[in-house]
Each structure stands twice: as C-alpha cells, then as structure tokens.
Amino acid sequence: MNASTIIRNGWQKVFGTGARRERPIAGDASHGTILYLEDITVSFDGFRALNELTLYIDAGELRCIIGPNGAGKTTMMDVITGKTRPDNGSAWFGQTTDLLALTEPEIAEAGIGRKFQKPTVFERHTVAENLELAVAGDKRVWNTLVRKIMREQQERIESVMQTVGLGTQRTMLAGNLSHGQKQWLEIGMLLMQDPQLLLVDEPVAGMTPQEVERTAELLLSLAGKHSVVVVEHDMEFVRSIARKVTVLHEGHVLAEGNIDEVQNNAKVIEVYLGE
C-alpha cells in the first residue's frame, strides 16, 4: 500500500468519503443558541443511554459536561455528530439545521467538529502538512496534496499553528510530538474546518501538568469565536475552565450551573462527586 493510499484511507476514516458536496447551511445562532437537544432518548437492547435529554448550548459559550461512567456523555456526542440516531427527540444546530436529517459528513460540513479522547493525526506527516490536509474545501486527499495552497490558506495554517502552540514544531513529524501536542494538533485540524461548535472529549487525559495548563488556556481562547463543549472527569481542570457545568446522570440532566453550584449540589455529591 503506497503513501497516498494510506493517507486517503485515513482521511476518509476521519472526514468521510464521496464526491464534494455543497456545505450544508451552518447553524443560525441569531437567537443566541447554537445547539438544541430536546427530549432525546436512545436505547440499546432495552438500556436507556439517554432518557429524554434536553440540553441547550449558547453561541460562543464554553460548557463542561461531567457525570459518572454510563451517564450518557458519549452517546450525547454521538447523537450530535450523527453517529447514533435517537429513538425520540429532536436535535437542531441553530434555528434551521436539523441534525437528524444529516449524515455524519454533512454534520461535519455544517460546522460541528469532534475531538475524540485519543488523538487521530497523520503521524508520518509534519504538523504543517496535517493542517494542510485539514483545510476546509475539497476533501479528496489527492487534490489536497497536489494543489497549490492558496495564500490565504497558508496564512490560516500559520495562524492555527500559533493558536494551538505548535508554531515552532511546524516541520516536526506528528509522530514525534508529545501526547499533549498531538491533542493540540488535532484541535488545530478541526479549527482548519472553521467549526461553529467543537465537541472535545477528555482533552487532558494522560497530559503532564504543564500540558493541562496549556490546554486550559487554549480552550478558553477558543470560546467566543466558537462554541466549545468539553466532556471531562478531571474536576480540577473543569474548575479552571468552567463557566457553566452540566451534570448528566442516567441519560438526563441532573444539575446545571456554575462550578460552585454544581459541586455543592446534594444530588451531584451523592451520585458523582462522592465516588
């Protein structure tokens, strides 16, 4: 298998296959809300992973989602990104985009990016090349590799490298980056798509204290320009970035508020923080 085939297969795994289609209408947040989940229910073999979940995310906010294992956090993100279809309920991206009517690639094109816990980067390519491959537009890898990068695209790559703190690693192979740097690179690859909504799953797992601090700074810097939803178990990290926290339990919202309100909530202490 040659290098171009390996890259193409990896790219299709992340971004989907098929000919280029028009970008779906992005989320209309004119009413101040970018994500509407209402009465979402998902069952697996009789087990309700989500139980009439209702959640709203405002445009430009940074929201932390916490909860015990099995609370429904991953399933919630699966529904938002089209990986899982709910049994009931509605999911809207802004005022006009029905997420349940779109495929996974169409949802990504509409402006929702998902960062999984384990980083997925092209390890045999440099930091700059990884970002080049992620440039918004035609996702066919061969065209991406051979076309001349337009000036504004190159400027965008440079800007994103600075944003994620990898400006001095531009020529380093992604496989040689630290775990934390790979996480930042993948966030950068999502930023190249210019998403309105970023879903970030346990971003600091396995990081050094210095990397955790830098990740907090990065996510805080993205809020406002993007809506950011962070799923995390590290409560110290959540406290460092949280503006609003939602606690999930048994597939629905148990509590919501600022970090102090949540940490002092008797129900939250009983089912989660008291573990």
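Return yes when Glu236 is assigned to a helix (DSSP H, G or I) and at pLDDT 95 or above and no when it is not.
The answer is no for Glu236.
Residue-by-condition table, conditions (1) over 15 Å from Glu129 (Cα atoms); (2) surrounded by 23 or more Cβ atoms within 10 Å (Cβ to Cβ); (3) within 17 Å of the chain's Cα centre (by Cα); (4) of a type in the set (Phe, Trp, Tyr):
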| position | (1), (2), (3), (4) |
| --- | --- |
| Thr163 | yes, no, yes, no |
| Gly167 | no, no, no, no |
| Trp184 | no, yes, yes, yes |
| Ser221 | yes, no, yes, no |
| Ala242 | yes, no, yes, no |
> What is the number of the single condition among (1) part of a loop (DSSP other than H, G, I, E, B); (2) surrounded by 23 or more Cβ atoms within 10 Å (Cβ to Cβ) that Met207 does not meet?
Replying inline: (2)
> So which residues in segment 45-68 are of a type in the set (A, V, I, L, M) and either within 14 Å of Gln196 (Cα to Cα) or out of contact with any helix residue (DSSP H, G or I) (no Cβ under 7 Å at 6 or more places or on another chain) (or both), if there are any at all?
Replying inline: Leu55, Ile57, Ala59, Leu62
> Taking into account only those residues within segment 43-69 that are among the acidic types (Asp, Glu) and under 24 Å from Ser240 (Cβ atoms), which is surrounded by the most Cβ atoms within 10 Å (Cβ to Cβ)?
Replying inline: Glu61
>> Give all pairs with beta carbons closer than 8 Å in which a residue from segment 76-95 that is touching a residue at least 12 places away in the same chain (Cβ under 8 Å) meets a residue that is among the small types (Gly, Ala, Ser) and assigned to a helix (DSSP H, G or I); count only pairs at least 6 apart in sequence or on separate chains.
In response: Thr81/Ala108; Phe93/Ala110
> Can we say Gly89 is surrounded by 14 or more Cβ atoms within 10 Å (Cβ to Cβ), farther than 30 Å from Gly206 by Cβ and not charged (D, E, K, R)?
Replying inline: yes
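Against the definition (at pLDDT 95 or above, outside any helix (DSSP H, G or I) and either within 30 Å of Thr126 (Cβ to Cβ) or within 20 Å of the chain's Cα centre (by Cα) (or both)), how does Ile25 come out, yes or no?
no
The values are calculated or read from the model by the stated rules, or taken from the named source; none is laboratory data. This is a predicted model, so every value here is computed, not measured. Cβ coordinates were reconstructed from backbone atoms using ideal geometry, including for glycine residues, and neighbour counts include every protein chain displayed.
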